[in-house]
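Colleague: Structure incoming, see below.
The values are calculated or read from the model by the stated rules, or taken from the named source; none is laboratory data. A quick note: this is a predicted structure, and the numbers were derived from the prediction, not measured. Using ideal geometry, Cβ is built from the backbone for each residue, glycine included, and neighbour counts are taken over all protein chains shown.
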Amino acid sequence: METASDIGMLSAVMAGICLSAAAGLRVFIPILALGLAGRFGLLPLGEQFAWMMSEPFLVVVGIAAVMEATAYYIPIVDNLLDLVATPAALAGGTVIVSSLLPEMNPLAQWGAAALLGGGTAGIVQGSTVLARGLSTASTGGLANPLFSTGETGGSVLAVALALLVPVFFGILVIAGLVMLLVWITTRSGRLRRSERAGQD
């Protein structure tokens, strides 16, 4: 039978995975939400991450969140931003999960955080880069503002669900990521087989 602390830890880690998924859509919105959640006692951040709850940090990240969301509405800039946002999302997801993991060996903590947080953010970010590229190619970028609105809204929604129902939403996120990876793998395999067939 799980103890209350076990359930609390599971909830915090699942919230971290959900926030990492949100970071794959918009990097700074979930980081801002995490800092505020820690400041108001909604999520237990590790002692070494107390700086994330400081007022100067929250102000800077809040400004960055607004600037990031706004910049995605500027043609061409949105595609260029993806080049910067991809490594930023990986780093953001890693920091988010690491801040919510229990105290452990630093190597194990950051390794687990990179896998759970960075991996989640990277998969989501990668899929949005691909989708934006397809949108740009098929509509000349005309549909990109609508796509950007969906990304920002999705990030905000993911943050809300991460705080309200972290375990349930975390399971949905993990299931969605597995399905996405299976689809990508299957699609890649079909493309490779088609290329080989064309060469024969």
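Colleague: Determine if region 132-152 includes at least one residue that is touching a residue at least 40 places away in the same chain (Cβ under 8 Å), hydrophobic (A, V, I, L, M, F, W, C) and closer than 19 Å to residue 28 by Cα.
Modeller: no
Colleague: Can you name the condition, by its number, that residue 164 falls short on among (1) at pLDDT 95 or above; (2) within 16 Å of residue 15 (Cβ to Cβ)?
Modeller: (1)
Colleague: Separate question: Could you tell me how many of the residues in region 102-137 are part of a helix (DSSP H, G or I) and over 22 Å from residue 172 (Cα atoms)?
Modeller: Counting residues in region 102-137 that are part of a helix (DSSP H, G or I) and over 22 Å from residue 172 (Cα atoms) gives 12.
Colleague: Would you point out which residue out of 34, 42 is buried (at least 18 other Cβ atoms within 10 Å of the Cβ) and not β-branched (Val, Ile, Thr)?
Modeller: Of the residues listed, the single one that is buried (at least 18 other Cβ atoms within 10 Å of the Cβ) and not β-branched (Val, Ile, Thr) is 34.
Colleague: Now, a different point. Here are 50, 64, 88, 71: which of them is over 16 Å from residue 154 (Cβ atoms), touching a Phe, Trp or Tyr at 6+ places or on another chain (Cβ under 8 Å) and surrounded by fewer than 20 Cβ atoms within 10 Å (Cβ to Cβ)?
Modeller: 64
Colleague: Related question: Give region 130-146 a look and list any residue that's under 15 Å from residue 68 (Cβ atoms) and surrounded by fewer than 20 Cβ atoms within 10 Å (Cβ to Cβ), or say none.
Modeller: Within region 130-146, 145 is the sole residue that qualifies.
Colleague: Which of the residues spanning region 49-86 are among the small types (Gly, Ala, Ser) and under 21 Å from residue 34 (Cβ atoms)?
Modeller: 50, 54, 62, 64, 65, 69, 85
Colleague: Give me the residue from region 55-89 that is in contact (Cβ under 8 Å) with a residue 60 or more places away in the chain, under 16 Å from residue 151 (Cα atoms) and outside any helix (DSSP H, G or I) and, out of that set, farthest from the chain's Cα centre (by Cα).
Modeller: Residue satisfying both the conditions and the ranking: 75.
Colleague: Please go through region 154-171 and give me each residue that is surrounded by fewer than 21 Cβ atoms within 10 Å (Cβ to Cβ) and under 15 Å from residue 37 (Cβ atoms), ordered by number.
Modeller: Within region 154-171, 156, 160, 161, 163, 164, 165 qualify.
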